[in-house]
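A short worksheet on the structure shown next.
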Ligand SMILES: *Cc1c(COP(=O)(O)O)cnc(C)c1O
């Protein structure tokens with residue numbers, strides 16, 4: 001597969017070049033020349049294939065020529081020892097789903113309990129393979145609004161020949177996120193920037209086009225602008241779309257945030273008998289392609305979902321749910337794309353005023369095409385809090401603030417009864433475990449169950465260096481470590 005910059009359709013790059021450099025030389029983002037198609041045999045057997053098999057089939061055409069099949073199989077097995085279960089908010093109320101209640105695609109069963117584990121773990125293993133013959137150590141530079149940093153730190157921790165520097169907005173990430181970003185040490189270093197996520201991202205972009213840095217260091221990015229992080233995110237959309245179309249759901253995962261106590265309480269009223277359910281029970285009307293509601297910030301997840309749709313996965317469309325940083329919903333409404341400064345919200349991993357992956361969406365699809373595939377909805381903090389309270393009270397399920405933005409967006413579209421995008425099966429991407437945002441969630445629901453992955457991170461101590469919003473401060477740090 002060949003890749004091009006979003007800013008220049010003339011110069012082609014290999015997957016390896018695109019992955020290892022992150023950003024094209026002209027400052028554009030890499031996009032694949034074409035979006036490949038699933039073979040019919042794959043499309044028809046998504047339900048019976050394992051998550052790793054679907055990963056292999058989804059990623060294979062994107063890396064053709066750079067990663068042989070046998071290696072890719074190992075990369076997928078190593079990267080995805082967890083998957084993305086499709087669950088109802090309450091197993092005892094499964095029949096409600098036929099009446100239009102959304103289900104959840106839980107993306108938080110990886111080591112840092114958020115969806116970015118999928119991309120980061122695949123990317124780390126891919127880099128390691130692609131650089132197997134290099135001797136110059138690689139420096140990875142990442143800007144994070146919260147979850148990217150933790151996932152990247154975890155994915156690359158201890159990988160030989162690679163060091164990682166993570167920039168995050170000081171005071172705008174949770175205590176746990178900070179420990180996940182800055183608590184590992186070793187080949188991972190963390191910089192607390194006195195500014196917003198957009199400032200961090202702008203500094204990283206500048207560093208990549210800085211001649212002096214480029215000549216001195218082997219620099220690469222690892223946030224959602226990296227194509228090798230984006231592609232594996234298409235996997236769970238394809239896998240879950242296959243399951244949803246068959247009308248089946250999965251049994252609870254270990255970290256599913258439904259308190260046992262809650263389920264028992266509802267069993268007394270006859271609503272549910274056990275906290276788990278047998279895998280493969282009917283959830284939806286079968287044979288209806290699913291609509292995914294994706295809580296979005298930088299729009300990497302949604303772009304990956306659009307790839308899965310374009311590849312032929314049974315997906316009807318998407319709802320792009322944002323908090324008040326609603327650049328893309330406004331664009332879908334008006335046709336005018338206008339970036340702005342980000343505003344802080346309780347769903348802070350989505351506080352993005354200038355979503356970087358929009359450039360990719362606009363390079364692949366016209367405004368009209370995007371409007372056909374995506375509905376945009378924005379949600380306020382008050383609405384998000386209300387949803388967390390209601391879903392917990394009614395179903396015993398703990399939504400994190402990002403998943404709650406998604407859940408609210410579906411309800412708002414239904415209430416407005418606009419178009420038919422929510423008339424079929426709807427699945428909300430639960431992008432993080434609620435215990436990652438326990439300060440917000442617990443103030444609404446009381447104590448949240450904590451998965452083992454998060455307990456481990458909480459035991460660490462964050463160690464970072466504070467720097468101003470200033471490229472020279474970043475350069476000094478990067479060059480001092482050479
Ligand atoms: C990163 C993140 C998002 C936003 O995803 P994008 O791909 O940047 O749109 C949503 N929820 C959580 C929990 C995240 O960490």
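Would you mind estimating how fast region 9-72 diffuses translationally, via Stokes-Einstein at 25 °C and 0.890 mPa s with the Kirkwood radius over Cα pairs, in µm²/s? If you can, show how the numbers build up before the last one.
Details: Rh = 13.5 Å.
This corresponds to a translational diffusion coefficient of 182 µm²/s.
Cα axis of helix 401-416 to longest principal axis of the chain: angle in degrees, 0 to 90, nearest 10?
Between helix and principal axis, roughly 50 degrees.
Simple spin-label model, 7 Å along Cα-to-Cβ: residue 415 to residue 366 in nm?
In this crude spin-label approximation the distance works out to 3.5 nm.
How do 134-144, 202-212 rank on mean C-beta neighbours within 10 Å, highest first? Working shown, then result.
Details: 134-144: 20.0, 202-212: 16.6.
Answer by packing, highest mean first, reads 134-144, 202-212.
Can you give the extra length, in nm with one decimal, that the chain gains between residue 2 and residue 64 once fully stretched, where that is 0.36 nm per residue apart less the Cα-Cα distance?
21.4 nm
Counting only the backbone N, which residues of region 200-217 are under 20 Å from the spot 7 Å out from the Cα of residue 466 toward its beta-carbon?
Under cut-off, by backbone N: 200-201, 203.
Tell me, how many Å apart are the Cα centres for region 194-224 and for region 131-158?
Cα centroid of region 194-224 versus Cα centroid of region 131-158: 13 Å apart.
Run the paramagnetic zone check for residue 71: 7 angstrom along Cα to Cβ, then residues of region 106-139 with backbone nitrogen under 11 Å.
Backbone N within reach: 126-134.
Label-point separation (nm) for residue 17 and residue 333, each offset 7 Å from Cα along Cα-to-Cβ?
4.2 nm
Considering only DSSP beta bridges where both residues belong to the chain, give the percentage that are antiparallel (nearest 5).
Approximately 25 percent, going by the DSSP bridge assignments.
Which angle between 0 and 90 degrees, to the nearest 10, do you get for helix 51-63 versus the longest principal axis of the chain when only C-alpha atoms count?
Taking Cα atoms only, the helix is inclined about 40 degrees.
Return an integer: the convex hull volume of the alpha-carbon atoms of region 375-416, in Å³ per residue.
Output value, Cα hull per residue: 66 Å³.
Pairing the Cα long axis of helix 381-395 with the longest principal axis of the chain, what angle in degrees results, from 0 to 90 and rounded to the nearest 10?
40 degrees
Would you mind ranking 240, 427 by Cβ crowding within 10 Å, fewest neighbours first?
With the sparsest Cβ surroundings first, the list reads 427, 240.
Just how far, in whole angstrom, is region 1-70 from region 329-387 if you go by their alpha carbon centroids?
One Cα centre to the other: 25 Å.
Report the extension gain between residue 393 and residue 344 in nm, rounded to one decimal, defined as 0.36 nm multiplied by the number of residues separating them, less their alpha carbon distance.
15.0 nm
First check a/c for region 166-222, with a ≥ b ≥ c the square roots of the eigenvalues of its C-alpha gyration tensor; if it is under 1.5, answer rounded, and if not, answer prolate when a/b is larger than b/c or oblate otherwise.
Values: a/c = 3.20, a/b = 1.51, b/c = 2.11.
Because a/c hits 1.5 or more and a/b fails to exceed b/c, region 166-222 counts as oblate.
Mind pulling up the Rg/Rh value for region 74-153? Radius of gyration and Kirkwood radius, both on Cα.
Rg divided by Rh gives 1.16.
Jot down the per residue volume, in cubic angstrom and as a whole number, of the convex hull over the alpha-carbon atoms of region 1-160. Intermediate results must be reported in sequence, preceding the final value.
Working: hull volume 26.7 nm³, N = 160.
Taking the convex hull of the Cα positions in region 1-160, it is 167 Å³ per residue.
With a cut-off of 8 Å between alpha carbons and a minimum separation of six or more residues, what is the relative contact order of the chain in percent?
Result for the chain is 20 percent.
Calculate the translational D of region 433-482 in whole µm² s⁻¹ from Stokes-Einstein, where the hydrodynamic radius comes from the Kirkwood formula applied to all Cα pairs, the temperature is 4 °C and the viscosity 1.567 mPa s.
92 µm²/s
Rounded to two decimals, what is the ratio between the C-alpha radius of gyration of region 70-209 and 2.2 N^0.38 Å?
The reported ratio for this selection is 1.24.
Hey, rough spin-label estimate for residue 157 and residue 43, points 7 angstrom out along Cα→Cβ, what's it come to in nanometres?
So the two model labels end up 4.2 nm from each other.
P(r) for the chain, please, calculated from all Cα pair distances in 20 Å bins and given in %.
Taking every Cα pair in the chain, the percentages come to 26, 60, 14, 0.
Give the peptides 360-369, 191-200 in descending order of average Cβ contacts within 10 Å, highest first. Numbers along the way, then the final one.
Numbers: 360-369: 15.5, 191-200: 21.9.
With the highest mean Cβ count within 10 Å placed first, the list reads 191-200, 360-369.
Nearest 5 percent is fine: what portion of the DSSP beta bridges confined to region 53-172 is antiparallel?
25 percent
Just from its helices, what would the mean residue ellipticity at 222 nm be for the chain, if runs of 4 or more DSSP H residues each count -39500 (n - 2.57) and the sum is divided by every residue, rounded to the nearest 500 deg cm²/dmol? Before the final figure, lay out each step's value.
Numbers: 21 runs with 203 residues, N = 482.
After summing the helix terms and dividing by the residues of the chain, the value is -12000 deg cm²/dmol.
A short reminder: the numbers here are calculations on the coordinates, not readings from a lab. If you're wondering where the values come from, they're calculated on a predicted model, not measured in any experiment. In this analysis, Cβ positions are derived from the backbone assuming ideal geometry, glycine residues included, and neighbour counts consider all displayed protein chains.
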